[in-house]
């Protein structure tokens with residue numbers, strides 16, 4: 001009898017391990033695609049007319065790269081969040097220019113200064129969004145007290161990226177959420193996540209890209 005109970009106990013542990021492994025899929029390399037819309041004051045719409053409505057993020061390990069097309073200019077924003085590393089690899093076909101910019105820690109801090117900090121409270125409401133089982137979490141801007149509802153899943157686990165990082169510390173992968181970039185509110189939603197191989201060298205610039213400081217890039221943009 002004792003031996004039977006031990007076998008049942010071991011079987012239960014095995015079943016629990018299988019259940020746990022099915023409950024969350026770890027994806028270490030692949031692509032995530034977000035839809036994006038922006039809350040921009042009417043008097044500033046002209047300045048933001050080329051913002052992308054879709055953002056593609058490639059990731060491998062701790063490295064991520066956001067790819068956006070702004071009026072024909074292809075911008076690859078590379079981040080290694082744990083090292084506070086951020087760079088921009090820019091291809092301007094119309095001007096036949098290729099540029100790479102590596103931001104300093106001070107520049108990263110300045111770029112993020114206008115973004116809110118959040119606290120979060122997990123709710124009980126559940127919803128299936130684009131195939132993912134999600135739980136609603138209410139986040140609060142610690143500066144203004146403004147609250148937002150976001151939806152997180154534990155069906156999968158992927159590394160946080162430049163789109164999701166502000167709301168990635170509340171117990172799940174953000175699927176439908178709000179985030180901010182330079183103080184601009186962005187409503188984002190995962191369209192697709194796929195496990196695939198990212199090409200070698202994808203997170204760095206080749207030798208034909210011209211190094212430039214962030215200040216030089218901003219002066220050129222003006």
Verdict on residue 188 being surrounded by 15 or more Cβ atoms within 10 Å (Cβ to Cβ) and either in a strand (DSSP E or B) or within 15 Å of the chain's Cα centre (by Cα) (or both): yes
The range 52-78: number of residues that are in contact with a helix residue (DSSP H, G or I) (Cβ under 9 Å, 6 or more places away or on another chain) and in a strand (DSSP E or B): 3
Candidates 136, 121, filtered to the one that is within 17 Å of residue 164 (Cβ to Cβ), at pLDDT 95 or above and not in a loop (DSSP other than H, G, I, E, B): 136
Number of the exception - residue 202 against (1) touching a residue at least 40 places away in the same chain (Cβ under 8 Å); (2) over 27 Å from residue 85 (Cβ atoms); (3) in a loop (DSSP other than H, G, I, E, B): (2)
In the range 113-141, residue surrounded by the most Cβ atoms within 10 Å (Cβ to Cβ) [restricted to those that are under 30 Å from residue 218 (Cα atoms) and out of contact with any helix residue (DSSP H, G or I) (no Cβ under 9 Å at 6 or more places or on another chain)]: 141
Odd one out for residue 149, checked against (1) surrounded by fewer than 18 Cβ atoms within 10 Å (Cβ to Cβ); (2) assigned to a loop (DSSP other than H, G, I, E, B); (3) at pLDDT 95 or above: (2)
Test: residue 81 is assigned by TED's automatic domain parsing to the domain that holds residue 66, surrounded by fewer than 19 Cβ atoms within 10 Å (Cβ to Cβ), closer than 30 Å to residue 206 by Cα and in contact with a helix residue (DSSP H, G or I) (Cβ under 7 Å, 6 or more places away or on another chain): yes
Test: residue in the range 171-180 that is in contact (Cβ under 8 Å) with a residue 40 or more places away in the chain, in a loop (DSSP other than H, G, I, E, B), within 23 Å of residue 25 (Cβ to Cβ) and more than 16 Å from the chain's Cα centre (by Cα): no
Hey, residue 92 modelled with pLDDT of 80 or more, touching a strand residue (DSSP E or B) at 6+ places or on another chain (Cβ under 9 Å) and either loosely packed, with under 11 Cβ neighbours inside 10 Å or within 13 Å of residue 163 (Cβ to Cβ) (or both) or not: no
Check on residue 144, without any contact (Cβ under 8 Å) to a residue 60 or more places away in the chain and either surrounded by 19 or more Cβ atoms within 10 Å (Cβ to Cβ) or part of a strand (DSSP E or B) (or both): no
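The values are calculated or read from the model by the stated rules, or taken from the named source; none is laboratory data. As the structure is a computational prediction, the values presented were derived from the model and not from experiment. Methodologically, a virtual Cβ is constructed for each residue, glycine included, from the backbone with ideal geometry; neighbour enumeration extends over all protein chains shown.
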